[in-house]
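A short worksheet on the structure shown next.
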Amino acid sequence: MKTRIGLICVAALPALLLQGCAPHRDGDNRPPAVQVDTAETYGSGRTLEFPGRVKAAEEVNLAFQIPGTLLRVHAGQGTSVRQGELIAELDERDYRLRLEAVEAEYESIRAEAERVIALYADSVATPDAYDKARYGLRQIEAKYESCRNQLADTKIYAPFDGIVQRRLFDPPTVVAAGMPVVTLLSGSAPEIEINIPGSEYVRRGEFAAFEAAFDFWPGRRIPLRLLSVAPKANANQLYTVRLGIPAGTDPMPAPGMNTMVSVSYRPADTGRTSVPATALFREGDASCVWVFAADSTVHRRAVAVESLHTDGRAVLSSGLDAGERIVSSGVHRLHEGQKTAPLPAESETNVGGLL
């Protein structure tokens with residue numbers, strides 16, 4: 001008898017458990033739980049961060065325009081130089097001899113040409129002789145000027161105040177024309193370069209402010225000024241943005257340092273709003289959202305969707321004002337005027353607002 005009673009109790013237990021765990025049906029009249037968000041002014045308070053790198057304002061590879069034997073390099077690596085200061089020079093002997101030979105030829109042809117031109121003015125020389133004299137003089141003048149330029153090109157001068165980053169060759173190396181000899185960095189305030197995707201490039205007109213943070217300056221941010229935005233994407237389909245560092249920054253970041261740059265945006269148009277893309281649903285041919293009322297009921301509202309962004313938000317051009325509360329999840333199981341139960345807001349003990 002005891003065994004029979006025990007079997008009855010054990011057999012009844014699963015049924016009781018299933019009854020206690022049975023899901024609530026629609027007839028329970030319990031309002032569905034929904035996630036509630038607030039429509040924001042498009043672009044307001046939006047800040048993104050991009051990795052950046054400090055670069056010299058100007059960096060040039062100095063080279064001779066003519067070949068020759070390197071005679072002297074007057075600036076070593078790390079040396080500060082002033083604009084117009086002599087940096088390096090070639091052995092000029094061959095170029096000087098060539099110039100002297102052409103100069104002598106120039107003087108001879110010029111004297112002959114002047115004589116023929118004077119005779120032509122007196123109607124003594126023929127037009128053919130006059131043309132030959134005139135064109136011959138122009139030809140030797142060009143040759144003479146070329147030799148003078150080549151002699152001047154045996155020396156390199158600093159194009160701006162700066163610091164020699166690298167010295168690539170030492171005398172008496174024979175260098176070719178255009179071969180870099182010295183790399184010079186500008187001594188003015190350096191710049192920062194960041195690369196942004198196309199989704200942010202199209203919004204470049206909304207850039208409001210830039211700030212840089214460095215590891216060696218905990219808690220400090222440097223304001224930056226926008227210098228330029230590249231109009232063409234690089235090989236990684238990113239657009240380069242150049243930012244200037246204030247001249248009075250102390251200590252000044254050095255070229256090659258890494259940084260994080262914060263980009264703040266201004267609202268492009270206060271008439272537009274931004275909502276989570278999950279708040280949207282279709283009703284016929286219209287895009288709609290559920291507006292969450294003060295009494296926790298929801299009401300359908302048609303909106304005009306301008307664009308969808310990769311960050312999971314949608315931009316609305318009309319239909320919703322900033323500050324209005326809308327349902328951002330579970331939108332497909334609601335109906336007009338339905339009572340809902342908003343999920344609690346996010347907190348340190350409710351990460352994601354799921355509790």
Item to check | Selection within the stretch 238-251 - surrounded by 12 or more Cβ atoms within 10 Å (Cβ to Cβ) and over 21 Å from the mean Cα position of the chain (by Cα) | outcome: Thr249
Checklist entry - Would it be correct to say that Ser199 is under 30 Å from Ile156 (Cβ atoms) and either open to solvent by less than 50 Å² (accessible area, probe 1.4 Å) or not aromatic (Phe, Trp, Tyr) (or both)? => result no
Checklist outcome for this item: Considering only strands (runs of 3 or more DSSP E) wholly within the stretch 154-234, the ones with at least 1 residues that are of a type in the set (Phe, Trp, Tyr) and touching a Gly at 6+ places or on another chain (Cβ under 8 Å) are 155-157
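Let me confirm something: among Asp131, Asp122, which residue is at pLDDT below 95, loosely packed, with under 12 Cβ neighbours inside 10 Å, farther than 30 Å from Leu62 by Cβ and not aromatic (Phe, Trp, Tyr)? Full working, then the answer.
Values: Asp131 fails: loosely packed, with under 12 Cβ neighbours inside 10 Å.
Of Asp131, Asp122, the one residue that is at pLDDT below 95, loosely packed, with under 12 Cβ neighbours inside 10 Å, farther than 30 Å from Leu62 by Cβ and not aromatic (Phe, Trp, Tyr) is Asp122.
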Item to check | Single condition Arg93 does not satisfy, out of (1) touching a Leu at 6+ places or on another chain (Cβ under 6 Å); (2) within 30 Å of Val164 (Cα to Cα) | outcome: (1)
Item to check | Single residue of the stretch 213-236 satisfying the filter (of a type in the set (Phe, Trp, Tyr) and without any contact (Cβ under 8 Å) to a residue 12 or more places away in the chain) that is most open to solvent (accessible area, probe 1.4 Å) | outcome: Phe216
Next on the checklist: Quick check on my filter: what residues within the stretch 297-317 are within 29 Å of the chain's Cα centre (by Cα) and of a type in the set (Val, Ile, Thr)?
Outcome noted: Val305, Thr310, Val315
Checklist outcome for this item: Only unsatisfied item for Arg266, checking (1) open to solvent by 50 Å² or more (accessible area, probe 1.4 Å); (2) under 14 Å from Ile194 (Cα atoms); (3) touching a residue at least 24 places away in the same chain (Cβ under 8 Å), is (2)
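The values are calculated or read from the model by the stated rules, or taken from the named source; none is laboratory data. Please read these numbers as outputs of a predicted model, since none were measured by experiment. All Cβ positions, glycine included, derive from the backbone under ideal geometry; neighbour counts span all protein chains shown. These accessible areas exclude ligands, DNA and RNA; they are computed on the full protein's heavy atoms, side chains included. Shrake-Rupley method; radii C 1.70, N 1.55, O 1.52, S 1.80 Å.
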